[in-house]
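Right, one structure below, let's go through it.
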Amino acid sequence: MPTIDNQNRAIFSFEIFPPKRDMSMDTIYRTLDELTDLEPDFISVTCGAGGSADGSNRRTIEVASAIQNKYHRVGIAHLPCIHFTRNDVLTMLDELETNGVKKILALRGDRVPDLTPKEDFHHASDLVAFIREHAGDRFQIFAACYPEGHTEAPDLDTDIQNLRRKVDAGVDRLISQLFFDNEFFYEFLNKARKAGITVPVEAGIMPVTNKKQIERMVTLCGATLPRKFQRVLAKYESQPEALREAGIAFATEQIVDLLAHGVDGIHLYTMNNSYIARKISDSIRTLL
Ligand SMILES: Cc1cc2nc3c(=O)[nH]c(=O)nc-3n(C[C@H](O)[C@H](O)[C@H](O)COP(=O)(O)OP(=O)(O)OC[C@H]3O[C@@H](n4cnc5c(N)ncnc54)[C@H](O)[C@@H]3O)c2cc1C
């Protein structure tokens, strides 16, 4: 089993999402057959914002456990806390630990229409402190950060102050929100280091495969689309294959620049697309 600790090179990791509850698990296992072949340092598994209400967490636990036990790679379970009670979290931690999943991405989660958040956790830092209190150092804790600031924060500086509180509660590593202009990431990192945040930060990269998908993501997370990227979208929006290849080229160029800057790691939002993950992985493997 590979380890991501004490590496003296950049980490390269993938993010996947489990199938919805009414869909077969076969597709995710086919995707994992291909992704694990690329030997990422870890694969993280998202958890739908519905939490326990729609059973999202069950599939996250199942897939993260399979990554550990069936594929013998490092699996990380996302845990968006506002839709869970403390007891739910304790039960999930128990189950994850039993299955050998010892890494958690501790998140607040987004508010969902028609679903009232539970009252036990308000910020991701509450979950981080709770895990440390109840499980000590038995879990390695990851958390999210936002190179352009979180959409609800009044400004980047305030967001970084809140990030510092979250890290101080017991975070080991950070994974960033997606961004398309590396300058935002460098400026954020500079500010975070000045604010005393010393943990490794992985850069989140999402290769674009279709225009609608990217517009939805950008609306949700507020990432800036640089002009040269908009030109690519405009030129190839009606040619899916060309857009996919252009998206791969753009993401690869971003990653090469990040690695040249000595970034701690690259976290690829794969959208369960193993073709894209393989193309990028093949191009950058020797640069890590
Ligand atoms: C890598 C990554 C993976 C993700 N995976 C998932 C997933 O699987 N499922 C899912 O539902 N969502 C996921 N998300 C989305 C995430 O849940 C949302 O972005 C959410 O809005 C914020 O989560 P957080 O953990 O960053 O929250 P927090 O760290 O709690 O921050 C949220 C906001 O609150 C502010 N804040 C934090 N602490 C305080 C405080 N003490 N006082 C006042 N303000 C404070 C912050 O500045 C920020 O504006 C992911 C995001 C990233 C970057």
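The values are calculated or read from the model by the stated rules, or taken from the named source; none is laboratory data. Just so we're clear, the structure is a prediction, and the values are computed from it rather than from any experiment. The area values use the complete protein model at the heavy-atom level, side chains included, leaving out ligands, DNA and RNA. Shrake-Rupley method; radii C 1.70, N 1.55, O 1.52, S 1.80 Å.
What shape does the chain take by its C-alpha gyration tensor, where a ≥ b ≥ c are the square roots of the eigenvalues and a/c under 1.5 counts as rounded, a/b above b/c as prolate, and the rest as oblate? Rounded. For Gly265, the residues whose modelled amide H falls within less than 5 Å of its own, excluding neighbours fewer than 5 places apart on the same chain, are Ile11, Ala203.
Close amide H contacts of Cys145 (hydrogens built in the peptide plane, cut-off under 5 Å, sequence separation of 5 or more or a different chain): Ile175, Ser176, Gln177.
Element breakdown for region 11-287 at a 1.4 angstrom probe: carbon and sulfur atoms account for 48% of the accessible area. Cα centroids of region 135-184 and region 228-251: how far apart, whole angstrom? Centre-to-centre (Cα) distance: 29 Å. In summary, the helical segments of the chain meeting the span-like criteria, namely a full DSSP H run, a Cα extent along the axis of 24 angstrom or more and a mean Kyte-Doolittle hydropathy of at least 0.5, are 240-260. Each stretch of four or more DSSP H residues adds -39500 (n - 2.57); spread over every residue of the chain, this sum gives -14500 deg cm²/dmol at 222 nm.
Remark: the chain carries 47 Å² of accessible area per residue (probe radius 1.4 Å; ligands, DNA and RNA excluded). Which of the pairs Lys20/Lys279; Lys191/Lys228; Lys212/Lys279; Lys235/Lys279; Lys166/Lys191; Lys70/Lys279 have their Cα atoms more than 19 Å apart in this structure? Over 19 Å apart, Cα to Cα: Lys20/Lys279; Lys191/Lys228; Lys212/Lys279; Lys235/Lys279; Lys70/Lys279.
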